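No lab work stands behind these numbers, since they all come straight from the coordinates. Worth saying up front: this structure is predicted, and the values here are computed from it rather than measured. As a convention, Cβ positions derive from the backbone with ideal geometry for all residues, glycine included, and neighbour counts pool all protein chains shown.
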């Protein structure tokens, strides 16, 4: 289907119908990961390391196994010892051996909370007693938590034999530095020599958790012939199937995964933690096993995203033209390689059209849980530094911060430091909308300040499958392979309705299990509405072609002489014959006589995702006595391509901005001196609550992505990128003090007010 | 140790169950009575996903013991709609797109109903503080607050 240039030609796209799964969710009927019960199911639980770093000398499970009601106990001895195999999963590189070792430690535990044994029992209380009866002998090793400490030459090394890649000469000694990455355009140092003004700053950010409200949950049941069913909450049922098969050495065809409703993911449910363990326990005892993480386990053993340090240097002419830019990013990967350091570097300066720029960084392991993707992985971290530094630059130049960004804005034809030349992007339009918004010029009161910051995310396409079937009465069923986190079933139904020319209410969309629909990549990377939407559109188009053929058969004319218009077959001009229009329902009624059921399934690898840009304006009030930062007003402007369902696009922007506000002001992993997390609960790890916030004004700028029929760009990730710098810039405006460290919590802000340095 | 017999009322219906002394009311609702609309997000009273009413008072069911419901009246998300008619708060949640993943939604609707039952005309600030015990990670609360305020206005209109 060609790009629909004229928005007024669209009848369903751009409206705000009620989502098909909404009724189940407001009445409590929706089945999330922990809501399914299988007959005869057992309770599975995991024994986790109390140490940040230790050798496992011995695990004695005999007492646990002997307990009445205990049906299975497993350790790494029951999991295949698979070889190293690199793979690109979720939104970053990983290694299946590391994934297996993260699910169940072998020989060594690498962080507090690392799994090392699991039990299945007839009740929760018996499972707890069995865990307590497992006798583990540890040899505690020195640990290291923070990224720069882990890079020090005398740091305790997590993985013997880890030799840093990407550096020359190649080191001879093992370290915690996994690799170095670098992205360059021109010569940044030469660029600095042309600069009239240079800012040079260092920032740090804390590890933060995705903090989805639904803990990880699974029920798995393995039959003696190996056929396995898994019901789980995740961002990808095919991901669970593939990774579980890989870790346990099973045939993929023997595993059928049904996607439960997912209670939030934000990147944190793009990996397996419980699924292979529940499957291995079920295989051992022949009964279904249900496992649900506690919130404590979610914090200690899943997620989070990296904390890190970012050094940034930007030079500019007096007129604001940036002559050179440099960033050095060091990110925590957790206990296994794979921080989002590459996208952090790639996104750092992507908003700007620069001649001389380098962004480089290190991926560093330490004794923390292995990081998982979190909404625009890496970009918020590097962007906090770059957009704070841009604010300092504007201040030094005496320029308006929007004007400085306009002067250097990336536009169609700009070559990004990480490689591509941008096609039709909307960064300038976003800046223009921010400048025109009344928020930008509204008056401020005492102790109040305003900040603006911008951000970028690639957005991706990838593998997606969707099917569209015409039912006997002319209603339409849509099945896709993408778990629905924020309303994508509504978007799929809307796009199918648009192509077929039928009302939205006549189209019902569901998410298929792994046996019902073709392989589909995970819900992540802001790809679903674009890529799975494209598959849905193509399937609906295939159905339209079939409907035209059936009408041609009924009319006994050539299919070329039939047009499809507003849900009806019509003769294509006077020469085709004087037939009355045939509505979809009439053709469906005769389907059996004209060739059988009408439907199509399409599997694609979608290309041409459109990059996204956003600009956030934030007003804060800083309490000089307590250092508390209150968000007074928040406006988030974003190029969304074209919004299929504007309410859910606004929701993505409001939710992403709010997660960024939490990252900026409250959220952080706090460790004690033994390397144990001190705040593994929602009371002490404080995510934003309703009373912390004003309304979030989401402003949709529509610069369509012409490589999607309806102009879609991904929208979910961009909005978490600008908030930290927008808030830091607002705090600077309110207090005159630049905060260099996240979170900007009351004690830190108060200390900065006292010392005059943040 | 034998289980304890509890006689109570759930969503207006007389109900009996057996539970252990240490079982939370949330576990009883979800595992014994199969009312899985109440969710467990934390088990420590910090997230509000398990919000119910006990004799009309809003509580986290993870912090109540199953045995404490003896002789009391329990209200859960499953009882908020009357037959096939949604409560105005449920309808407004749908119309305002006030849910994304939907996991916190049952708790928020139960909590919002408790608010409007006691204060039919809340200010936005009052609504935000009342709902501060119900965490939502998806929406940023904007559309939730709008849905609650709109439902309150509609219910006042209907009552007038």
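Given axes a ≥ b ≥ c from the Cα gyration tensor, I'd like to know whether the range A:499-542 is rounded (a/c under 1.5), prolate (a/b larger than b/c) or oblate.
Cα axes put the range A:499-542 in the prolate bin.
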**Item:** Spin-label pair residue A:593/residue B:129, simplified geometry with 7 Å Cα→Cβ offset, distance in nm
**Value:** 7.1
**Request:** Report Rg(Cα)/(2.2 N^0.38 Å) for the range A:1-44, keeping two decimals.
**Result:** 2.14
**Prompt:** Roughly how tilted is helix B:142-159, in degrees to the nearest 10 and between 0 and 90, from the longest Cα axis of chain B?
**Reply:** 90
**Message:** Multiplying the sequence separation of residue A:672 and residue A:586 by 0.36 nm and subtracting their Cα-Cα distance, what value in nm do you get?
**Reply:** 24.0 nm
**Prompt:** Using the count of nearby Cβ atoms within 10 Å as a rough guide to exposure, how do A:473, A:619 rank from fewest to most?
**Reply:** A:473, A:619
**Request:** Compute the Cα gyration tensor for the protein assembly as shown, then decide on rounded, prolate or oblate, letting a ≥ b ≥ c be the square roots of its eigenvalues: rounded whenever a/c is under 1.5, prolate when a/b is larger than b/c in the other cases, and oblate in all that remain.
**Result:** rounded
**Request:** Can you tell me how much longer the chain between residue A:471 and residue A:87 gets when fully stretched, taken as 0.36 nm per residue apart minus their C-alpha distance, in nm with one decimal?
**Result:** 134.2 nm
**Asked** Given 10 Å bins starting at zero, what is the percent of C-alpha pairs of the range A:147-265 in each, up to the one with the largest pair distance?
**Response** 10, 21, 19, 26, 16, 6, 2, 0
**Prompt:** At a Förster distance of 30 Å, what's the computed FRET efficiency of residue A:632 paired with residue A:15, Cβ-Cβ distance as r, to 0.05?
**Reply:** 0.35
**Complete:** Distance in nm between residue B:2 and residue A:197 label points, each 7 Å along Cα→Cβ, equals 8.3
**Message:** If neighbour count is taken as other Cβ atoms inside 10 Å, put A:104, B:149, A:1 in order from fewest to most.
**Reply:** A:1, B:149, A:104
**Message:** So if I take the alpha carbon set of the range A:450-536, get Rg, then get Rh from the Kirkwood formula, what is the Rg over Rh ratio?
**Reply:** 1.08
**Message:** For Cα pairs less than 8 Å apart in space and 6+ apart in sequence, what is the mean separation divided by the residue count of chain A, i.e. the relative contact order in percent?
**Reply:** 15
**Fill in**
Taking the reciprocal of mean 1/r across every pair of different Cα atoms in the range B:4-79, the Kirkwood radius in Å is 11.9
**Message:** Can you compute log10 of I(q)/I(0) for the range B:55-108 with the Debye formula, treating each Cα as one identical point scatterer, at q = 0.21, 0.23, 0.28 Å⁻¹?
**Reply:** -0.91, -1.00, -1.19
**Message:** Run the simple label-point estimate for residue A:122 and residue B:156 please: 7 Å along Cα→C-beta, distance reported in nm.
**Reply:** 5.8
**Per-residue average of Cβ from other chains inside 10 Å of B:119-126** = 1
**Item:** Viscosity 1.567 mPa s, 4 °C: Kirkwood-radius Stokes-Einstein D of the range A:440-490 over Cα pairs, µm²/s
**Value:** 78
**Request:** Could you please rank B:96, A:114, placing first whichever residue has the fewest other Cβ atoms within 10 Å of its Cβ?
**Result:** B:96, A:114
**Complete:** With a Förster distance of 35 angstrom and the Cβ-Cβ distance between residue A:679 and residue A:165, calculated FRET efficiency to the nearest 0.05 equals 0.55
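Shape verdict for the range B:1-142, please, from the Cα gyration tensor: rounded (a/c under 1.5), prolate (a/b greater than b/c) or oblate.
It is prolate, given that a/c is not under 1.5 and a/b is the larger ratio.
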**Asked** Rounded to the nearest whole Å³, what is the per residue volume of the convex hull around the Cα atoms of the range A:628-758?
**Response** 136
**Request:** Report the calculated FRET efficiency for residue A:24 and residue A:395 (r = Cβ-Cβ distance, R0 = 51 Å), to the nearest 0.05.
**Result:** 0.50
**Message:** Based on the alpha-carbon set only, what is the convex hull volume of the range A:362-449 divided per residue, in Å³?
**Reply:** 189
**Request:** Would you work out the relative contact order for the range B:36-155, in percent, from Cα pairs under 8 angstrom that are 6 or more residues apart?
**Result:** 30
**Asked** So how tilted is helix B:105-118 from the main axis of chain B? Cα-based, degrees 0 to 90, rounded to 10.
**Response** 80
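Under 8 Å for C-alpha pairs, at least 6 residues apart: give me the relative contact order for the range B:88-159, rounded to a whole percent.
50
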**Complete:** Per residue convex hull volume, Cα only, the range B:88-159, in Å³ is 72
